[in-house]
Amino acid sequence: MMSNEAKENFVLLIVDDNAENLKLLVKTFQKENYTIEYTDNGKAALDFINKKPFDLILLDINMPEIDGFEVCKAIRSQSKFKNVPIIFISAESDRENIIKGFELGAQDYVTKPFERRELIARVKTHLALKRNVEKLAELNQLLEEKVLKRTSLLSKALEKAEESDRLKSAFLANVSHEIRTPMNGIVSFVELLKKPGLSGEKQKYYIDIITQSGHRMINIINNIVDISKIESGAVNIKIQKTHLNQILNYLYDFFKIKCSKKGIEINYSGDLTDDECIIDTDKDKLVDSLTNLIDNALKYTNEGTINFGYHCVGDTIEFYVSDTGIGIAKEKQAIIFERFVQADSSLTREYEGAGLGLSIARAYIEMLDGRIWVESKLNAGSTFFFTLPLKKSGNYEPEISSPQRLSNTLQPINILIAEDDLLSIQYFKEIFSDEKVNLFFANNGKRAVEIVNEIPEINLVLMDIKMPIMDGNEATRQIKKIKPKLPIIAQTAHAMSGDKEKLEMVGCDDYIVKPIKEDLLFEIINKYITN
């Protein structure tokens with residue numbers, strides 16, 4: 001699969017006075033579909049960067065006239081290049097040179113001879129981080145513009161703009177930290193797993209850390225996506241019959257293990273019986289709001305108790321989440337529901353998080369015609385309250401739990417998996433290994449269309465969207481012309497507003513977001529193979 005970085009046509013500048021090294025580097029990254037400019041001296045490099053923008057610079061140190069350190073210093077002296085990643089590639093491996101490179105503003109330092117795959121991976125990582133920072137900056141710029149538009153008085157607009165700048169800087173710094181921390185946990189412990197002779201206990205310990213880091217990373221990304229949807233007005237309300245007591249029980253089961261690990265007691269209660277507690281509301285947004293509040297309470301509570309539940313107050317339901325944690329200073333209580341704000345936004349803060357959970361909860365609750373507030377005292381705990389209209393419903397039908405396996409069929413199911421990522425292919429092989437399934441694989445969209453033509457027994461297609469030669473969208477269009485009724489499930493790393501509609505337009509019957517959860521995938525497949 002062509003990488004997202006290559007698809008965006010990133011431009012790299014390679015600077016090395018050794019002809020063989022320069023040739024090798026240029027050839028290496030041309031194969032990765034980057035646009036390459038190169039030179040063998042520092043003076044020409046500085047001329048290059050003043051004539052056109054570059055997304056990343058690979059820089060040798062020992063060069064005639066102007067060495068790599070001087071080039072780096074000159075680049076970093078210009079603010080317009082402050083976000084351009086610089087990677088030193090040098091035969092100099094002593095610690096002083098490495099430290100000097102970082103002090104001058106380089107993002108990375110690779111010693112020669114380099115390992116090609118490692119260098120490519122490092123370049124892709126820095127380009128991805130650069131892209132994410134730029135997108136976050138664009139998002140914050142959009143937020144700032146909206147604040148200015150909504151402010152009627154110039155003085156208030158200026159005050160909010162200054163506050164927005166402060167929060168933007170804190171948010172970018174915090175999110176950078178929040179992303180790098182789980183990434184470090186993943187990368188570092190993957191390296192440790194490579195060591196020979198590890199005990200089973202050690203392996204399990206390392207894998208647990210990698211898994212936790214991955215979940216933390218996904219949570220950060222999901223929160224940023226949720227905020228983007230809220231800001232763009234792309235969040236839809238889905239009112240359905242909702243069983244409040246089942247939600248409380250689910251959340252209790254979900255959080256009790258986490259609480260137990262911290263030595264914290266957790267309790268819940270509700271006013272209504274199981275027959276009375278069925279209301280009409282958006283179940284998912286209610287669960288998300290309570291989850292964010294309980295997660296927040298758990299984060300800031302080191303001992304004691306967390307209580308949550310609801311009371312009926314007239315024609316409303318008042319939900320609450322109470323903790324015995326660190327509390328919130330009175331002057332901070334008015335701002336904690338704002339986007340990107342924490343009671344402590346400094347980099348030296350004790351608690352992790354990007355400051356998005358409470359703002360997401362407030363947005364969802366207000367969409368459901370409720371309101372949210374907090375009562376707290378520093379070092380004496382906090383209680384978050386929110387209300388929803390009490391709209392009782394009846395004839396509740398319990399949800400059927402997600403199937404753990406594929407439905408039984410007399411004949412094996414023939415599934416075509418269009419996917420070019422080897423790790424994803426291996427994952428599919430593992431999860432389908434105990435199922436009555438025949439798997440067929442295509443590493444690009446063109447091959448997927450050919451297989452559907454060649455094998456009429458294909459029952460279902462799992463279609464990756466980003467693939468070389470022919471992408472999943474075009475492959476879906478062509479397959480639907482051949483077999484309009486063949487179910488096609490898109491598998492995509494995208495989760496932004498409008499993506500579902502775009503996939504439906506090209507002919508996909510359903511879609512699942514990466515990283516793919518086995519139970520959810522089986523549930524979706526069952527929906528189509530049982531029909």
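The values are calculated or read from the model by the stated rules, or taken from the named source; none is laboratory data. All of these numbers come straight from a predicted model, not from anything done at the bench. A quick note on method: Cβ atoms are made from the backbone with ideal geometry, for glycine too, and the neighbour counts reach across all protein chains shown.
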Single condition A157 does not satisfy, out of (1) in contact with a Leu (Cβ under 6 Å, 6 or more places away or on another chain); (2) at pLDDT 80 or above:
(2)
Tally, over region 320-343, of residues that are crowded, with 22+ Cβ neighbours inside 10 Å and in a strand (DSSP E or B)
2
Could you check region 50-87 and list, in sequence order, the residues that are outside any helix (DSSP H, G or I) and either farther than 19 Å from V11 by Cβ or acidic (D, E) (or both)?
D55, D60, I61, N62, M63, P64, E65, I66, D67, S77
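Every residue, every condition in (1) assigned by TED's automatic domain parsing to the domain that holds H215; (2) among the hydrophobic types (A, V, I, L, M, F, W, C); (3) touching a Pro at 6+ places or on another chain (Cβ under 6 Å); (4) surrounded by 19 or more Cβ atoms within 10 Å (Cβ to Cβ), yes or no:
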| residue | (1), (2), (3), (4) |
| --- | --- |
| I417 | no, yes, no, yes |
| F432 | no, yes, no, yes |
| A442 | no, yes, no, yes |
| A448 | no, yes, no, yes |
| E454 | no, no, no, no |
| R477 | no, no, no, no |
| I482 | no, yes, no, no |
| L503 | no, yes, no, yes |
Counted residues in region 53-90 being farther than 22 Å from E138 by Cα and free of Cβ contacts under 8 Å to residues at least 12 places away in the same chain come to 1
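Among the residues of region 279-303, which ones are part of a helix (DSSP H, G or I) and of a type in the set (D, E)? Explain how you work it out, then say what you get.
Within region 279-303, the subset part of a helix (DSSP H, G or I) is 283-299.
Once the filter is applied, which keeps residues that are part of a helix (DSSP H, G or I) and of a type in the set (D, E), region 279-303 yields D284, D288, D295.
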So, in region 222-248, how many residues would count as being modelled with pLDDT of 75 or more and either basic (K, R) or over 21 Å from P389 (Cα atoms) (or both)?
2
Residue pairs, Cβ under 8 Å, 6 or more apart or interchain, first in region 91-113 and in the same structural domain as G68 (by TED's automatic domain parsing), second outside any loop (DSSP other than H, G, I, E, B) and acidic (D, E). List them.
V110/E118
Which of the following residues is outside any strand (DSSP E or B) and either in contact with a Leu (Cβ under 8 Å, 6 or more places away or on another chain) or not assigned by TED's automatic domain parsing to the domain that holds I372 (or both): I317, I306, I209?
I209
Could you identify the single residue in K285, K258 that is under 24 Å from I372 (Cβ atoms), among the basic types (K, R), in contact with a Phe, Trp or Tyr (Cβ under 8 Å, 6 or more places away or on another chain) and outside the structural domain of S188 (by TED's automatic domain parsing)?
K285
Quick count over region 71-110, residues being over 12 Å from I57 (Cα atoms) and aromatic (F, W, Y), is 1
Among the numbered criteria (1) surrounded by 14 or more Cβ atoms within 10 Å (Cβ to Cβ); (2) more than 28 Å from the chain's Cα centre (by Cα); (3) not acidic (D, E), which single criterion is violated by F255?
(2)
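One line per residue, one yes/no per condition, for (1) farther than 30 Å from K146 by Cα; (2) touching a strand residue (DSSP E or B) at 6+ places or on another chain (Cβ under 8 Å):
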| site | (1), (2) |
| --- | --- |
| I218 | no, no |
| N245 | yes, yes |
| K261 | yes, no |
| L272 | yes, yes |
| T291 | no, no |
| Y300 | yes, yes |
| D315 | yes, yes |
| Y320 | yes, yes |
